[in-house]
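Chemist: Got a structure for you, questions after.
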């Protein structure tokens, strides 16, 4: 009997304004200025060139290896280097949050996402989130809370925090354990066949592909074009179980 639903975040619940879920272009520049302001406000010293040399360039070198190593690049050693240079003692989340904030303010929920999850929770489904992200999950969770999506989710699993990325099934297995559901009782819903559908198959769950541009990867069990289709599909699959 289908009783648990695992959702990807970007491209499914939240529009991340790009494939990577990171500040880019002018939003990156605005975030850097906000980061420098926070550093200077706390008596530190840093220039934009220092941010590249001490933080962003070495982090990007690690980030490019994420598929090879199977987990997201760690910001901690690079933030430690920046703190020492700047002479400050600010938390990682404070620093990353300052850079992320202008970008985060542009993120929006997909139409009907909060309503679909609310309907599914009311129908008795247990809901977990399993998302590949390059930054601490708390930054993205705030966006989910802002749009009323987080209240329907029981268990949050972000790749940066979990040190594992889809298509590895590790995050899905942890989410299923938290929801007290067997793989045969669950569906994985995502927009990327190469990661979401592949991870669902590896974990032994059913799979639903929310049709997007990313069409390479394993065939899903079911396809939808809008989240509004999901409550009826999930209810039908539960009834057929």
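Chemist: So for region 184-194 (the condition being touching a strand residue (DSSP E or B) at 6+ places or on another chain (Cβ under 7 Å), assigned to a helix (DSSP H, G or I) and closer than 19 Å to residue 69 by Cα), does at least one residue qualify?
Modeler: In the first step, residues of region 184-194 are kept if they are touching a strand residue (DSSP E or B) at 6+ places or on another chain (Cβ under 7 Å); the result is 185-191, 193.
Keeping just the survivors that are assigned to a helix (DSSP H, G or I) gives 185, 193.
Checking the rest, the ones that are also closer than 19 Å to residue 69 by Cα come to none.
Checked against the condition, which is being touching a strand residue (DSSP E or B) at 6+ places or on another chain (Cβ under 7 Å), assigned to a helix (DSSP H, G or I) and closer than 19 Å to residue 69 by Cα, region 184-194 yields no hits at all.
Chemist: How many residues are surrounded by fewer than 21 Cβ atoms within 10 Å (Cβ to Cβ) and part of a loop (DSSP other than H, G, I, E, B) if we restrict to region 165-180?
Modeler: 2
Chemist: Output the number of residues of region 126-149 satisfying the condition of being crowded, with 24+ Cβ neighbours inside 10 Å and more than 11 Å from the chain's Cα centre (by Cα).
Modeler: The number of residues fulfilling the criteria is 2.
Chemist: Taking the criterion of being in contact with a strand residue (DSSP E or B) (Cβ under 8 Å, 6 or more places away or on another chain), at pLDDT 95 or above, part of a helix (DSSP H, G or I) and under 21 Å from residue 10 (Cβ atoms), would at least one residue in region 56-65 satisfy it?
Modeler: no
Chemist: From the list 73, 114, 109, which one is touching a helix residue (DSSP H, G or I) at 6+ places or on another chain (Cβ under 7 Å) and surrounded by 15 or more Cβ atoms within 10 Å (Cβ to Cβ)?
Modeler: 73
Chemist: Only one of these conditions is not met by residue 89: (1) surrounded by fewer than 17 Cβ atoms within 10 Å (Cβ to Cβ); (2) in a helix (DSSP H, G or I); (3) not assigned by TED's automatic domain parsing to the domain that holds residue 176. Which number is it?
Modeler: (2)
Chemist: Mind checking which residues of region 10-39 are surrounded by 20 or more Cβ atoms within 10 Å (Cβ to Cβ), touching a helix residue (DSSP H, G or I) at 6+ places or on another chain (Cβ under 8 Å) and in a loop (DSSP other than H, G, I, E, B)?
Modeler: 12, 13, 21, 23
Chemist: Residues that are without any contact (Cβ under 8 Å) to a residue 40 or more places away in the chain and assigned by TED's automatic domain parsing to the domain that holds residue 211: does region 123-135 have at least one?
Modeler: No, there is no match, as no residue in region 123-135 is without any contact (Cβ under 8 Å) to a residue 40 or more places away in the chain and assigned by TED's automatic domain parsing to the domain that holds residue 211.
Chemist: Right, here's the next one. Can you name every residue in region 21-55 that is in contact (Cβ under 8 Å) with a residue 40 or more places away in the chain and more than 25 Å from residue 143 (Cα to Cα)?
Modeler: 42, 43, 44, 45, 46
Chemist: Please work out which one of (1) assigned by TED's automatic domain parsing to the domain that holds residue 134; (2) out of contact with any strand residue (DSSP E or B) (no Cβ under 6 Å at 6 or more places or on another chain) is the condition residue 9 fails and give its number.
Modeler: The number of the failed condition is (2).
Chemist: Just one of 235, 199 is part of a helix (DSSP H, G or I), in contact with a strand residue (DSSP E or B) (Cβ under 8 Å, 6 or more places away or on another chain) and touching a residue at least 40 places away in the same chain (Cβ under 8 Å); which is it?
Modeler: 199 is the lone residue from the list that is part of a helix (DSSP H, G or I), in contact with a strand residue (DSSP E or B) (Cβ under 8 Å, 6 or more places away or on another chain) and touching a residue at least 40 places away in the same chain (Cβ under 8 Å).
The values are calculated or read from the model by the stated rules, or taken from the named source; none is laboratory data. Nothing here was measured: the structure is a model prediction, and the numbers come from that model. With ideal geometry, Cβ positions are generated from the backbone for all residues, glycine too; neighbour counts draw on all protein chains shown.
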